[in-house]
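Structure record follows, encoded as structure tokens.
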Ligand code: AMP
């Protein structure tokens, strides 16, 4: 609960591969608020056999951003849903300065106060190794890594026993380089923006998943006071 007696409303930000999605899922399970990943929403849209689905897939596969207009509409609709009533974690949004400005207005209109923007900081050389080795369970979505987080039994998901796994199409060296360039050029300007609004909290994301989760926990204790 935050000082208004409502659930927390958070943004998790940082370069691709910094661990936003992993930490957002941990937080969702711990404090029972909705996890809104714009990347997941877009990957679901990209599966659809429509013109729009194909256009989104092309952008995602190249590591390019979809338009601000499209993503803003998507998020605006999503935060109206019932599971967001107790709060939410935005993962992957806002990703540009115009998105950040619209988010502020959108939340204002809905009477929602943003509690914090958490930036998970990880240097580029670590990011590449993390992204190129990561994969997920096709059944439950649990995340694994070739080197850092192998399942206990080879080829079997620890969480659900599933035996089918997948790698994201955009997790290849060329696309990751493009995603990092886009991050620096388009997303990074949102960091000083949120800092100026006294919402920014930075966390070192180079340690283990548990170590980063603990840092976020400690930080949220202060935010919730
Ligand atoms: P993610 O799962 O957060 O790494 O997002 C995967 C891809 O979805 C990104 O590389 C972008 O192509 C697209 N995407 C996700 N969120 C946004 C956003 N807020 N604005 C524009 N494109 C986005």
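What's the total number of residues in segment 160-182 that are in a helix (DSSP H, G or I) and either more than 9 Å from the ligand (Cβ to nearest atom) or over 16 Å from residue 39 (Cα atoms) (or both)?
Of all residues in segment 160-182, those in a helix (DSSP H, G or I) come to 173-182.
Subsequent filtering for residues that are either more than 9 Å from the ligand (Cβ to nearest atom) or over 16 Å from residue 39 (Cα atoms) (or both) retains 173-174, 176-177, 180-181.
Result for segment 160-182: 6.
Can you tell which of 63, 14 is within 16 Å of the ligand (Cβ to nearest atom), at pLDDT below 95 and under 18 Å from residue 182 (Cβ atoms)?
Answer to the selection: 63.
Which of the following residues is under 25 Å from residue 87 (Cβ atoms) and in contact (Cβ under 8 Å) with a residue 12 or more places away in the chain: 131, 127, 118?
Details: 131 fails: under 25 Å from residue 87 (Cβ atoms); 127 fails: under 25 Å from residue 87 (Cβ atoms).
Selected residue: 118, the only one of 131, 127, 118 that is under 25 Å from residue 87 (Cβ atoms) and in contact (Cβ under 8 Å) with a residue 12 or more places away in the chain.
For segment 75-103, which positions are surrounded by fewer than 17 Cβ atoms within 10 Å (Cβ to Cβ) and within 11 Å of the ligand (Cβ to nearest atom)? Can you show your working first?
Keep residues of segment 75-103 that are surrounded by fewer than 17 Cβ atoms within 10 Å (Cβ to Cβ), which gives 76-77, 80-83, 85-86, 97-98, 101.
98, the sole residue that qualifies.
State all residues of segment 149-171 that are over 21 Å from residue 95 (Cβ atoms) and in contact (Cβ under 8 Å) with a residue 24 or more places away in the chain; if no residue qualifies, say none.
First pass over segment 149-171, keeping only residues over 21 Å from residue 95 (Cβ atoms): 149-167.
Those that are over 21 Å from residue 95 (Cβ atoms) and in contact (Cβ under 8 Å) with a residue 24 or more places away in the chain: 149, 162, 164, 165, 166, 167.
Give just the number: which of (1) over 24 Å from residue 28 (Cα atoms); (2) in contact with a helix residue (DSSP H, G or I) (Cβ under 8 Å, 6 or more places away or on another chain) does residue 205 not satisfy?
(1)
Please identify the pairs in which a residue from segment 55-82 that is in contact (Cβ under 8 Å) with a residue 60 or more places away in the chain and on the phi > 0 side of the Ramachandran plot has its Cβ atom under 7 Å from the Cβ atom of a residue that is assigned to a loop (DSSP other than H, G, I, E, B) and near the ligand (Cβ under 9 Å from one of its atoms), counting only partners at least 6 apart or on another chain.
Every condition considered, the pairs that remain are 63/170.
Might you let me know whether segment 46-61 holds any residue that is surrounded by 15 or more Cβ atoms within 10 Å (Cβ to Cβ) and within 16 Å of the chain's Cα centre (by Cα)?
yes
Are any residues in segment 185-217 within 25 Å of residue 62 (Cα to Cα) and touching a residue at least 24 places away in the same chain (Cβ under 8 Å), and if so, which ones?
We begin by selecting, within segment 185-217, every residue within 25 Å of residue 62 (Cα to Cα); these are 185-191.
The answer is 186, 187, 189, 190, 191.
How many residues does segment 30-44 contain that are part of a helix (DSSP H, G or I), more than 10 Å from the ligand (Cβ to nearest atom), touching a residue at least 24 places away in the same chain (Cβ under 8 Å) and under 18 Å from residue 93 (Cβ atoms)?
Summing the residues that are part of a helix (DSSP H, G or I), more than 10 Å from the ligand (Cβ to nearest atom), touching a residue at least 24 places away in the same chain (Cβ under 8 Å) and under 18 Å from residue 93 (Cβ atoms) in segment 30-44 gives 0.
The values are calculated or read from the model by the stated rules, or taken from the named source; none is laboratory data. What you are looking at is a predicted structure, and each value in this text was computed from that prediction instead of being measured. When we count neighbours, we look across all protein chains shown, and the Cβ atoms used for this are built from the backbone with ideal geometry, even at glycine.
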